[in-house]
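Enquirer: Quick one: the structure is below, and I'll ask about it shortly.
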Amino acid sequence: MKRILVVGGGLIGTRHLAAVRAHPYCTLVGLADPDLNIAPDAPRFSSIDEVDVSVDGVIIATPTHLHARQGIEAAKRGWHMLIEKPVAGTLQEARALEAVLKDAKVGSLVGHHRRYHASVQQLRCALMAGIIGDVVNASLIWAMRKPDAYFEGNWRTAGGSPVMINLVHDIDILRFVIGEVVGAAALRGGATRGSDRIESGAVALSFENGATGTISFADTAPSPWGFEAGTGENPNIGTTMQDMMWITGTKGAISFPSMTLWQGEQWGAPAQQIPFEVVLNEKPPLDSQLDHFIDVMNGETPLIDVADAARTLAVAESIETQLAQVSKRGSLYG
């Protein structure tokens, strides 16, 4: 039985709290969060520094800028850690945490939980097996309108860019199923909420294997296209079951999450749709991630550790930096 501490009682933290409570091989030792009104029926600590009970593993679900500092503190206390994405506020912070973990005898896992979707695993295996030949390009859309209250009176008011909150997930999925990203170029969209915060844009990517890709994103535009909407994974976001990613290769194409598969030869004959049965999740991905965290605490190799997640962060940080520079210039050509 693993003794788990959850740090951070926000939207994702409360979901982790419920998962730990329901897991047959976990015991919740408490929630650390300065708001003591959250989960008052659980053992409470106002901060990680106040924790005075025995802990095997900690789930860090606080604002991103706190991840590295709290991860380093957890490592010093000998706690295995599951850190929510992004792994840290900056790549420099992620590298600092990575350096500490090299000398600590604890495991690290980062909460890019989409890797635990059975259909994502299936897509990765299918592409690696060459079901559409060599991957040529990928197109991905994430577009939905967040409520204004999402940004009011919290850390998202000044920050809250969808690049670090949402797009970092999509970047990680592309890395996971296609390969390493070696280049990124970004264009920024207009502001509709009257702030300097990044709201929308477009990204072009190049992959180590020669493939290219595009991402179109917005947190100001209601649409049926986005990973959460397409898969129904998030209870806070409406489900549409619409595809949001399309991948082409030298022998065909496949869309996700429907896993609609097309194969063909050349343009003189239409591509043919090929029957392809989608593998369904046996349990929610967040629960599968917790299962894996227990395995990591027992010595299993993590599906994505701090070093791996830092590579996803590096791409996201590059995109964020480019978009911020466009804002300062006022024009791409200024």
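The values are calculated or read from the model by the stated rules, or taken from the named source; none is laboratory data. All values reported here derive from a predicted model rather than from experimental measurement. Counting neighbours? That spans all protein chains shown, and the Cβs are built from the backbone with ideal geometry, glycine included. These area figures cover heavy atoms from the full protein model, side chains too; ligands, DNA and RNA do not enter into them. Shrake-Rupley method; radii C 1.70, N 1.55, O 1.52, S 1.80 Å.
Enquirer: Looking at residue 293 and the list (1) open to solvent by less than 30 Å² (accessible area, probe 1.4 Å); (2) in contact (Cβ under 8 Å) with a residue 40 or more places away in the chain; (3) in contact with a helix residue (DSSP H, G or I) (Cβ under 8 Å, 6 or more places away or on another chain), which single condition is not satisfied?
Expert: The single condition residue 293 does not satisfy is (3).
Enquirer: Looking at the structure I just gave you, is residue 243 surrounded by 15 or more Cβ atoms within 10 Å (Cβ to Cβ), touching a Pro at 6+ places or on another chain (Cβ under 9 Å) and charged (D, E, K, R)?
Expert: yes
Enquirer: With respect to residue 288, is the statement that it is buried (at least 18 other Cβ atoms within 10 Å of the Cβ) and either of a type in the set (Phe, Trp, Tyr) or in contact (Cβ under 8 Å) with a residue 24 or more places away in the chain (or both) true? Explain how you work it out, then say what you get.
Expert: Numbers: buried (at least 18 other Cβ atoms within 10 Å of the Cβ): yes; either of a type in the set (Phe, Trp, Tyr) or in contact (Cβ under 8 Å) with a residue 24 or more places away in the chain (or both): yes.
Yes.
Enquirer: Given the structure, is residue 303 within 29 Å of residue 185 (Cα to Cα), of a type in the set (A, V, I, L, M) and assigned to a loop (DSSP other than H, G, I, E, B)? Steps first, please.
Expert: Numbers: within 29 Å of residue 185 (Cα to Cα): yes; of a type in the set (A, V, I, L, M): yes; assigned to a loop (DSSP other than H, G, I, E, B): yes.
So residue 303 passes the test.
Enquirer: Shifting gears a bit: Determine whether residue 210 is touching a Pro at 6+ places or on another chain (Cβ under 8 Å), under 25 Å from residue 175 (Cβ atoms) and of a type outside the set (Asp, Glu).
Expert: Working: touching a Pro at 6+ places or on another chain (Cβ under 8 Å): no; under 25 Å from residue 175 (Cβ atoms): yes; of a type outside the set (Asp, Glu): yes.
No: the conditions fail for residue 210.
Enquirer: Further, regarding this structure: Only one of these is under 16 Å from residue 220 (Cβ atoms) and touching a Leu at 6+ places or on another chain (Cβ under 6 Å): 188, 145. Name it.
Expert: Numbers: 145 fails: touching a Leu at 6+ places or on another chain (Cβ under 6 Å).
Sole residue among the options that is under 16 Å from residue 220 (Cβ atoms) and touching a Leu at 6+ places or on another chain (Cβ under 6 Å): 188.
Enquirer: What is the residue count in region 188-201 for residues that are of a type outside the set (D, E, K, R), at pLDDT 85 or above and open to solvent by 40 Å² or more (accessible area, probe 1.4 Å)? Steps first, answer last, please.
Expert: Going residue by residue through region 188-201, those that are of a type outside the set (D, E, K, R) are 189-192, 194-195, 198, 200-201.
Next, from what is left, pick out any that are at pLDDT 85 or above: 189-192, 198, 200-201.
When the remaining residues are screened for being open to solvent by 40 Å² or more (accessible area, probe 1.4 Å), the result is 190-192.
So the answer is 3.
Enquirer: Let me ask something else about it. So which of 230, 238, 213 is within 23 Å of residue 286 (Cβ to Cβ), of a type in the set (Gly, Ala, Ser) and open to solvent by less than 10 Å² (accessible area, probe 1.4 Å)? Let's see the steps before the verdict.
Expert: Working: 238 fails: open to solvent by less than 10 Å² (accessible area, probe 1.4 Å); 213 fails: within 23 Å of residue 286 (Cβ to Cβ).
Of the residues listed, the single one that is within 23 Å of residue 286 (Cβ to Cβ), of a type in the set (Gly, Ala, Ser) and open to solvent by less than 10 Å² (accessible area, probe 1.4 Å) is 230.
Enquirer: Just to be sure I understand, how many residues within region 63-84 are modelled with pLDDT of 95 or more and either hydroxyl-bearing (Ser, Thr, Tyr) or touching a Ser or Thr at 6+ places or on another chain (Cβ under 6 Å) (or both)?
Expert: 1
Enquirer: Just checking, which of 178, 132 is open to solvent by 10 Å² or more (accessible area, probe 1.4 Å), among the aliphatic types (A, V, I, L, M) and modelled with pLDDT of 95 or more?
Expert: Details: 132 fails: open to solvent by 10 Å² or more (accessible area, probe 1.4 Å).
Result: 178 is the single residue among 178, 132 that is open to solvent by 10 Å² or more (accessible area, probe 1.4 Å), among the aliphatic types (A, V, I, L, M) and modelled with pLDDT of 95 or more.
Enquirer: Inspect region 253-274 for any residue being of a type in the set (Ser, Thr, Tyr) and assigned to a helix (DSSP H, G or I) and give the result as yes or no.
Expert: Keep residues of region 253-274 that are of a type in the set (Ser, Thr, Tyr), which gives 255, 258, 260.
Okay, now just the ones that are also assigned to a helix (DSSP H, G or I), so none.
Among the residues of region 253-274, not one is of a type in the set (Ser, Thr, Tyr) and assigned to a helix (DSSP H, G or I), which makes the answer no.
Enquirer: Looking at residue 280, is it among the hydrophobic types (A, V, I, L, M, F, W, C), within 23 Å of the chain's Cα centre (by Cα), modelled with pLDDT under 95 and exposed (fewer than 14 other Cβ atoms within 10 Å of the Cβ)?
Expert: Working: among the hydrophobic types (A, V, I, L, M, F, W, C): yes; within 23 Å of the chain's Cα centre (by Cα): yes; modelled with pLDDT under 95: yes; exposed (fewer than 14 other Cβ atoms within 10 Å of the Cβ): yes.
The answer is yes for residue 280.
Enquirer: Let me ask you something else. Give all pairs with beta carbons closer than 8 Å in which a residue from region 120-144 that is free of Cβ contacts under 8 Å to residues at least 60 places away in the same chain and in a strand (DSSP E or B) meets a residue that is open to solvent by 20 Å² or more (accessible area, probe 1.4 Å) and not polar (S, T, N, Q); count only pairs at least 6 apart in sequence or on separate chains.
Expert: Correct list of pairs: empty, since none qualify.
Enquirer: For region 126-150, give me the residue count where each residue is of a type outside the set (D, E, K, R) and out of contact with any strand residue (DSSP E or B) (no Cβ under 9 Å at 6 or more places or on another chain). Spell out the reasoning first.
Expert: Step one: list which residues in region 126-150 are of a type outside the set (D, E, K, R), which gives 126-133, 135-144, 147, 149-150.
Right, trim to out of contact with any strand residue (DSSP E or B) (no Cβ under 9 Å at 6 or more places or on another chain) and you get 128-129, 147, 149-150.
So the count comes out to 5.
Enquirer: Let me ask something else about it. What are the residue pairs meeting all of these: first residue in region 76-99, first residue closer than 24 Å to residue 51 by Cα and among the hydroxyl-bearing types (Ser, Thr, Tyr), second residue part of a helix (DSSP H, G or I) and open to solvent by 10 Å² or more (accessible area, probe 1.4 Å), Cβ atoms under 6 Å, and 6 or more apart or on different chains?
Expert: Cβ pairs passing all conditions: none.
Enquirer: Would you pick out the residues in region 233-261 that are more than 24 Å from residue 160 (Cβ to Cβ) and without any contact (Cβ under 8 Å) to a residue 40 or more places away in the chain?
Expert: 241, 242, 243, 255, 258, 260
Enquirer: So, of the residues in region 106-124 that are open to solvent by 20 Å² or more (accessible area, probe 1.4 Å) and in contact with a helix residue (DSSP H, G or I) (Cβ under 9 Å, 6 or more places away or on another chain), which turns out to be farthest from residue 232 (Cα to Cα)?
Expert: First pass over region 106-124, keeping only residues open to solvent by 20 Å² or more (accessible area, probe 1.4 Å): 106, 116, 118, 121-122, 124.
Filter again for in contact with a helix residue (DSSP H, G or I) (Cβ under 9 Å, 6 or more places away or on another chain), leaving 106, 116, 118, 121, 124.
On the way: 106: 33, 116: 14, 118: 13, 121: 17, 124: 20 Å.
Checking each candidate, the answer is 106.
Enquirer: Here are some conditions: (1) among the small types (Gly, Ala, Ser); (2) open to solvent by 30 Å² or more (accessible area, probe 1.4 Å); (3) not in a helix (DSSP H, G or I). Residue 88 meets all but one. Which one does it not meet?
Expert: So the condition that residue 88 fails would be (2).
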